[in-house]
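Reading through the C-alpha cells given below for one structure.
The values are calculated or read from the model by the stated rules, or taken from the named source; none is laboratory data. All figures in this text were calculated on a predicted structure; none of them were measured in a lab. All Cβ positions, even for glycine, are placed from backbone atoms using ideal geometry, and neighbour counts span all protein chains on display.
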Amino acid sequence: MTFQEEVRLKKAKICLQQALTDYVDSLLINGDCHKAFALYDRQTDASLRIKAYSVLMECGDCASAQDWMSSFNPEDDEMMDYVTVQGINIKRLCNPRTFTPSEEDLYTLYPLTQEVYPYAAYARSLWHILTGESIFLPLPGITRDVKQRSVSDDAGSWSLYPNPTSGQLTITFDAPIESGQILITDQLGRCIKEHVIEKQSEYQLNVSNYDSGVHYVRVSTGDRLVYIDKFIVQ
C-alpha cells in the first residue's frame, strides 16, 4: 500500500468514526440509550467499544456501567490501564456525595499517572480531582525557542541562583516579561507553587519550606513555555 493510499484509508476511517459518533449522539438526544449502547458494545476496536461505558454513564446507569467495565478486558496494556482508572472514577461519579478514595485506590492510581502514553492523562486528571495535586511529567524534549539553563555560568542571559539553595532563589530573565507564570514542581511532577509575573525582569522565590531534593521551574507566557530548569533544595 502506498503512502497516499494509507492516508486515504485513515481519512475514511476517521469519517466513519465521526459518523458513528454523530449517530450515537442523535440517539442519546432522543433517549434511545439501549440502541446507542449496543452500537458501541458490538465494535471490535477496543478504543471504540470502550465508548459503550460512556453511553451508560451518560444515561445515568451506574450499576450497568460498573458491571460492563469490570467485564471489559482489552488486550492492550494501555487500554487496560484506562479501564483501571475508570473503575475508580465510576465509584466517584456514582456516589459524588459520599465517595472518598481509599488508600488502595490512590496506591493503584499513582503509578499510572507516571506513564507517558495518551491514556495516562486520564489518570493524572483523576489524581488531581481526588487529591488536588497536579502532576507534570518532565518534558521528553525541549523545542528550540525554550531556553534551558544549567548550573554553568555561561548558559546565557537567563539565570537561576544560588543553586543549590536552602532559602531564597532568584530567577532573572533575558528581557522583562509583561505577563506570565512560574510553576514549581517536585521531582515527581507534582505542583508545589504557582507565581504570576507582571512586567518583571527577575523573580525571587522563598524555598525554605520546600522539601530537600530536586525541583523544577517552568516559566510560561500565555500558553507558551519559554524557560525550564531545575534547582536543588538543600
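Some observations on this one:
- Any hit, region 190-207, residues being modelled with pLDDT under 85 and under 22 Å from R92 (Cβ atoms): yes
- Within region 187-194, not a single residue is more than 16 Å from I135 (Cβ to Cβ) and out of contact with any Pro (no Cβ under 7 Å at 6 or more places or on another chain).
- Tally, over region 22-74, of residues that are in contact (Cβ under 8 Å) with a residue 12 or more places away in the chain and β-branched (V, I, T): 3
- Within region 1-21, residues that are more than 16 Å from Q43 (Cβ to Cβ) sit with their Cβ atoms under 8 Å from residues that are outside any helix (DSSP H, G or I), at 6+ positions apart or across chains, in these pairs: L9/M1.
- Any hit, region 6-26, residues being part of a helix (DSSP H, G or I), more than 18 Å from S64 (Cα to Cα) and among the aromatic types (F, W, Y): yes
- For region 98-124, taking the residues that are farther than 13 Å from L137 by Cβ and either part of a loop (DSSP other than H, G, I, E, B) or touching an Asp or Glu at 6+ places or on another chain (Cβ under 7 Å) (or both), the one that is modelled with the lowest pLDDT is identified as Y119.
- Filtered by the rule that a residue be part of a loop (DSSP other than H, G, I, E, B) and hydroxyl-bearing (S, T, Y), region 184-217 gives S208, Y210, S212.
- Of the residues making up region 57-74, none is under 25 Å from I135 (Cα atoms) and not aromatic (F, W, Y).
- Any chance T131 is crowded, with 17+ Cβ neighbours inside 10 Å and in contact (Cβ under 8 Å) with a residue 12 or more places away in the chain: no
- Scanning region 45-56 for residues that are farther than 18 Å from A123 by Cα and either in contact with a helix residue (DSSP H, G or I) (Cβ under 7 Å, 6 or more places away or on another chain) or in a helix (DSSP H, G or I) (or both) yields A46, L48, R49, A52, V55, L56.
- Yes/no for L112 being in contact (Cβ under 8 Å) with a residue 40 or more places away in the chain and not aromatic (F, W, Y): no
- The residues of region 30-44 that are part of a loop (DSSP other than H, G, I, E, B) and either touching a helix residue (DSSP H, G or I) at 6+ places or on another chain (Cβ under 6 Å) or of a type in the set (A, V, I, L, M) (or both) amount to a single one, Q43.
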